[in-house]
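What follows is a single structure, written as structure tokens, with notes after it.
The values are calculated or read from the model by the stated rules, or taken from the named source; none is laboratory data. No experiment lies behind these values; they were computed from the predicted model shown. Every residue, glycine as well, gets a Cβ built from its backbone with ideal geometry; the counts of neighbours run over all protein chains shown. For the accessible areas, the whole protein counts, side chains as well, though only heavy atoms, and no ligand, DNA or RNA atoms are used. Shrake-Rupley method; radii C 1.70, N 1.55, O 1.52, S 1.80 Å.
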Amino acid sequence: MRLLHYLTAALLFVASCAGQASATVVETFRLGGWSGSAFTDDQSGLFTTCVASASYRSGITLYVQVDTQYSWALGFSSPDWNMEVGADIPLQYRIDRDEWQKGVAKATSKELARMQMPQGGYIITRFRRGQVLYVFDGTNNYEFRLTGTSRLMKRLADCVDKNAARYGAAPGMADAEQGEATSGLGQTKPEENKPATPSPDEAQLAIEATQALFNLMGGAGISGLKLTPDGQREGDLNGLHAVAADKSRTLVTHIFAPGTYTSEGDLMSIIIGDSQKACEEGNFSSGTKRIAEGGKEIYTSYANCEAGDFQLKERVAFIKRKAGGIFVYGVADTYVGEGGGNPISPPDLTDDAFYSAAAEAAD
């Protein structure tokens with residue numbers, strides 16, 4: 001009965017995105033607590049979308065949908081709901097202690113609502129690595145534990161790749177809703193998190209952060225790292241203002257402008273929580289402290305993940321920005337022993353050298 005309910009709701013979910021009269025399930029999969037399916041359009045035979053769902057003790061089912069353009073949507077269903085079909089439902093949502101975001105869900109049946117999600121890399125990253133999704137519909141609050149979402153988004157992207165190659169790709173959700181011509185599979189996959197084109201303000205922050213990153217490397221004596229443009233980076237690094245990396249070390253600089261975060265403590269908690277969730281199968285440790293360096297107060301943290309011959313050591317420094325907000329400097333060092341393949345070990349970078357260079361980087 002649960003499987004039948006899932007497939008019925010998923011079919012309604014799929015049909016709602018492009019006005020499909022009917023759809024066919026061409027693949028099913030399970031990943032932890034998630035059940036997934038791939039769908040084709042009955043009329044054209046083209047692949048349309050992949051959908052996964054997880055049921056919660058509240059009786060609500062959460063759906064995640066990724067289409068041929070790697071656009072994504074969330075859905076919510078409950079047998080206790082009785083919504084007006086076609087109605088728009090204003091929502092607010094946030095992940096962990098992030099700022100509340102506004103969204104609009106559409107009731108595609110009396111029991112099911114679907115919300116198109118923004119394509120910016122930040123939201124996708126937070127969904128993949130966050131702990132809890134909070135949703136408020138103006139009356140009721142809902143909570144969804146985001147267990148396994150990092151692997152889920154990659155699995156959905158693989159589902160899209162495989163079935164688009166097998167059946168051909170139908171227009172994406174955004175194309176179908178806006179009447180635009182599809183451009184094939186040229187969009188960014190969920191696990192790559194390519195952000196939208198930055199606004200002029202964001203572009204200026206990126207320039208400022210890039211200069212600070214170069215200053216940080218010079219002050220700390222770091223060389224050999226390659227500056228990587230946004231959209232060409234791996235995983236969760238897209239959306240950050242400046243990134244330089246090689247195979248063993250990644251250095252980042254990001255600026256949080258005033259009003260874009262609640263507090264330094266909340267922001268640091270989110271960063272450490274992200275690191276802990278990514279260390280799914282390893283031994284994890286972390287800590288924070290405030291220090292004084294170069295006449296500046298620096299809020300620092302470390303996170304360490306060890307699994308067999310693999311170790312990831314992350315260090316972060318928050319420093320107040322003269323124009324308001326904060327600079328976030330981060331360094332992630334990867335170590336791999338001989339048992340894990342080719343040994344990898346970055347050059348030594350002491351805490352003192354990193355924090356001293358960070359204190360001077362934005363001056």
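List of remarks:
- When LYS322 is tested against (1) out of contact with any Phe, Trp or Tyr (no Cβ under 6 Å at 6 or more places or on another chain); (2) open to solvent by 20 Å² or more (accessible area, probe 1.4 Å); (3) within 28 Å of LYS226 (Cβ to Cβ), just one condition goes unmet, and that condition is (3).
- THR262 vs. criteria part of a strand (DSSP E or B) and among the β-branched types (Val, Ile, Thr): no
- Residue check, PRO195 buried (at least 17 other Cβ atoms within 10 Å of the Cβ), modelled with pLDDT under 90 and closer than 30 Å to ASP161 by Cα: yes
- Residues satisfying the stated conditions in the range 96-116, i.e. touching a residue at least 40 places away in the same chain (Cβ under 8 Å) and open to solvent by less than 10 Å² (accessible area, probe 1.4 Å): LEU112, MET115
- Qualifying position, being modelled with pLDDT under 90 and either part of a helix (DSSP H, G or I) or crowded, with 22+ Cβ neighbours inside 10 Å (or both), among SER44, SER16: SER16
- Residues of the range 266-283 that turn out to be open to solvent by 60 Å² or more (accessible area, probe 1.4 Å) and not charged (D, E, K, R), as a count: 3
- Among the residues of the range 152-166, those that are over 23 Å from SER77 (Cβ atoms) and either assigned to a strand (DSSP E or B) or in contact (Cβ under 8 Å) with a residue 40 or more places away in the chain (or both) comprise ALA157, LYS162, ASN163, ALA164, ARG166.
- Every condition in (1) in a strand (DSSP E or B); (2) in contact (Cβ under 8 Å) with a residue 24 or more places away in the chain is met by THR147 except one, and the failing one is (1).
- Taking the criterion of being crowded, with 18+ Cβ neighbours inside 10 Å, without any contact (Cβ under 8 Å) to a residue 40 or more places away in the chain and over 19 Å from SER150 (Cα atoms), the residues of the range 287-303 that qualify are TYR299, SER301.
Matching residues to (1) under 27 Å from ILE272 (Cα atoms); (2) within 18 Å of the chain's Cα centre (by Cα):
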| site | (1), (2) |
| --- | --- |
| SER55 | no, no |
| VAL64 | yes, yes |
| ASP67 | no, yes |
| PHE76 | no, no |
| PRO79 | no, no |
| GLU84 | no, no |
| ASP88 | no, no |
| GLU99 | yes, yes |
| ALA105 | no, no |
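- Enumeration of residues in the range 117-144 that are surrounded by fewer than 15 Cβ atoms within 10 Å (Cβ to Cβ), assigned to a loop (DSSP other than H, G, I, E, B) and of a type outside the set (S, T, N, Q): PRO118, GLY138
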